[in-house]
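**Q** Once you've had a glance at the structure underneath, I'll fire off some questions.
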Amino acid sequence: MTLIRYIITVVLLTAVLPSYGQETISPSLDDYLEMSARNNPEVRALYNQYLAALEKVPQSGSLPDPQASFGYFPIPMALVEGDQLAEIQVMQMFPWFGTLKTARNEAAEMAKAKFEMYLSAKADLFYRIKSAWYQMIKLDHEIGLANQNIELLESVERVVLVKYGASSSGNDRGDMGSTSPVKPSAAADFSSAGAGMAGMGAMQAETGQMTSGGMSGMSGTKSMGDRGTSLQDLLRIKMEILEQKAQIALLTDRRKTAVTGFNALLNRELTTDVIITDSLQTVPLPYGIKEIADTILSNNPMLAMLSYEAESYALMGQKAKKMGLPMFGAGLNYMLIQKREGNTSMMNGNNMVMPMVSFSIPVYRKKYNAMQNEARLLEESARLQSSDLKNNLNVQYRNFVQNIADAERRIVLYEEMTGLSRNAFTLMLSDFTSAGSGFEELIRMQSRILEYGLRHLEAITDYNTAVAMAEKLMNSLKY
């Protein structure tokens with residue numbers, strides 16, 4: 001009975017999933033998310049692109065460089081005022097009113113689009129990290145369940161060994177009991193019978209020996225059958241244990257592969273160990289199911305990026321239109337005059353300063369029209385992409401609702417099925433220990449306990465992964 005209570009205790013302990021923490025403080029999921037935001041190459045590259053786009057804002061809003069020219073006369077040019085030695089000209093061109101502001105706003109909107117692209121990549125990175133994190137937790141608990149299953153099988157193996165030993169010793173005693181009473185009975189018949197009854201006594205003795213011999217043969221046959229059945233049970237348990245050990249080796253390899261991918265997302269040494277202290281529990285949703293749909297459409301970074309791009313292209317069209325208008329220029333022309341002998345003019349030798357005004361004549365209209373058409377087509381393309389993305393986001397939201405509901409149902413279902421299968425296994429184990437029957441059903445129920453436990457882990461992982469996808473679509477970033 002002590003052995004039975006031990007096995008029942010092992011069965012009940014399978015309800016408690018193992019924890020894999022250590023005494024030392026290990027990084028949490030939030031710590032890894034913050035680390036990835038700093039170290040991931042793709043995210044850092046997109047952030048640098050955003051910074052580079054910001055640098056275009058002052059470039060686009062600046063005036064064209066002023067033009068300066070200098071001319072020298074090797075032979076001074078004779079003028080009324082004297083001899084001209086050199087000429088210096090400075091000119092600054094000014095685009096049409098509002099062109100620079102429009103260009104600056106266009107660059108600013110494009111920089112905002114780059115920033116939203118960076119946020120989208122960051123949200124996708126966080127989703128991949130969370131998915132890998134939940135998968136590693138699942139693998140750890142699957143390994144724990146497999147180890148517990150091995151302990152359970154080994155406990156059943158000990159019961160079979162006890163029953164095998166008891167049946168063997170009991171059958172041996174039964175063989176001795178069936179043969180030993182025969183010979184004293186026959187001897188009594190021979191010693192007490194008279195001469196006239198000697199033949200009959202001999203026949204009785206012979207009949208008694210045949211009967212006891214037949215019983216001994218039947219008992220030996222039963223003993224061989226019990227031993228064969230017990231040996232089959234032992235071999236079956238050994239096979240189950242070997243399968244579980246092979247499964248543990250496979251899960252361990254998958255865990256190493258998951259750790260490699262996780263470290264790659266963090267941009268650190270791929271062999272760095274990842275110690276997980278979190279238990280596999282469902283992650284709460286940040287908002288209600290209906291609120292998530294509105295939040296996705298208002299906060300999704302890709303939608304915001306396309307909106308900023310469309311605004312940028314609209315400003316590009318306005319800029320192209322203004323560039324097709326004349327540009328104005330203002331400058332000075334400074335002439336160096338040398339005195340000329342014999343010249344009686346009052347201006348003799350006085351340098352000349354002449355203000356100048358110029359303007360461009362944009363007569364070649366094809367390029368300006370093409371620029372406006374390009375901007376219009378790009379804006380329309382961004383609007384269409386935004387509409388298509390909204391449709392896709394609605395579909396993804398519907399898939400999210402379905403996945404969440406399905407995961408919730410499976411969590412409840414397999415939790416109940418695991419409890420019922422454990423209770424059934426306990427009853428079957430008690431019957432097998434007392435009556436020795438139902439071994440196949442016992443092993444089958446043990447397999448169901450493991451299967452339901454694994455499906456329960458998978459349902460929780462699917463639920464948490466769906467929550468992580470919703471957080472990605474809503475752009476709920478902390479770092």
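No value in this document is a laboratory result; all are computed from the given coordinates. As the structure is a computational prediction, the values presented were derived from the model and not from experiment. For neighbour counting, all protein chains shown are included, and Cβ atoms are generated from backbone atoms with ideal geometry for every residue, glycine included.
**Q** Please give the peptides 240-248, 463-471 ranked by average Cβ packing (other Cβ atoms within 10 Å per residue), highest first, as a rough proxy for protection.
**A** Output ranking for 240-248, 463-471: 463-471, 240-248.
**Q** Related question: Return the whole-Å distance between the Cα centroid of the stretch 359-404 and the Cα centroid of the stretch 33-51.
**A** Each part's Cα centre sits 26 Å from the other's.
**Q** Just want to confirm a number: the relative contact order over the stretch 28-123, from Cα pairs under 8 angstrom separated by 6+ residues, in percent.
**A** So the answer I get is 39 percent.
**Q** Under a crude label model (7 Å from the Cα following the beta-carbon direction), how far is Ala424 from Val80 in nanometres?
**A** Using points 7 Å along Cα→Cβ, the separation is 11.9 nm.
**Q** Tell me the label-point distance for the pair Arg158, Lys245, using the 7 Å Cα-to-Cβ offset, in nm and rounded to one decimal.
**A** So the label points at Arg158 and Lys245 sit 1.8 nm apart.
**Q** Can you give me the distance in nm between label points at Leu377 and Asp65, each placed 7 Å from the Cα along the Cα-to-Cβ direction?
**A** 3.3
**Q** Would you please give the FRET efficiency between Glu441 and Val412, computed as 1/(1 + (r/R0)^6) with r the Cβ-Cβ distance and R0 = 22 Å, to the nearest 0.05?
**A** Computed FRET efficiency for Glu441 and Val412: 0.25.
**Q** Need the full-extension length gain, Thr277 to Leu297, defined as separation in residues times 0.36 nm minus the C-alpha distance. One decimal, nm.
**A** That works out to 3.7 nm of additional length.
**Q** Is there a pair in Lys101/Lys390; Lys390/Lys478; Lys366/Lys390; Lys114/Lys290 whose C-alpha atoms are over 27 Å apart, and which pairs would that be?
**A** In this structure, Lys101/Lys390; Lys366/Lys390; Lys114/Lys290 lie more than 27 Å apart at Cα.
**Q** Using Cα-Cα distances under 8 Å and only pairs 6 or more residues apart, what relative contact order does the stretch 256-410 have, in percent?
**A** 26
**Q** To continue, here is another question. Tell me, in nm to one decimal, what length is gained between Asp31 and Ser387 on full extension, where the rule is 0.36 nm per residue of separation less the Cα-Cα distance?
**A** Using 0.36 nm per residue and subtracting the Cα-Cα distance, I get 124.5 nm.
**Q** Express in nm, to one decimal, how much length is gained between Tyr287 and Met347 on full extension, taking 0.36 nm for each residue of separation and deducting their alpha carbon distance.
**A** Gain in length upon complete extension: 13.1 nm.
**Q** Cut-off under 18 Å on the C-alpha distance; same-chain residues fewer than 8 positions from Lys319 excluded. Which aspartates and glutamates are left, in chain and number order?
**A** Within reach: Glu106, Glu109, Glu309, Glu311, Glu374, Glu379, Glu380.
**Q** Could you tell me which of rounded, prolate or oblate describes the stretch 55-119, using a ≥ b ≥ c as the square roots of the eigenvalues of the alpha-carbon gyration tensor, with rounded for a/c under 1.5 and, failing that, prolate when a/b is larger than b/c and oblate otherwise?
**A** Since a/c reaches 1.5 and a/b is larger than b/c, the shape of the stretch 55-119 is classed as prolate.
**Q** In addition: What whole-number distance in Å separates the alpha-carbon centres of the stretch 430-479 and the stretch 128-167?
**A** After rounding, the separation between the Cα centres reads 13 Å.
**Q** Which loop-located trypsin sites (Lys or Arg not before Pro) does the stretch 331-385 contain, where loop means any DSSP state but H, G, I, E or B and the Cβ has at most 13 other Cβ atoms within 10 Å?
**A** Here the sparse-neighbourhood loop sites are Lys339, Arg365.
**Q** By average Cβ neighbour count within 10 Å, what is the ranking of 66-79, 251-264 from highest down?
**A** The peptides rank, most packed first, as 251-264, 66-79.
**Q** Once the Cβ-Cβ distance between Gln49 and Ala264 is put in as r, and R0 is 22 Å, what FRET efficiency do you end up with, to the nearest 0.05?
**A** 0.55
**Q** So, by mean Cβ neighbours within 10 angstrom, what's the order for 308-316, 322-330 with the highest one leading?
**A** My ranking of the peptides, most packed first, is 308-316, 322-330.
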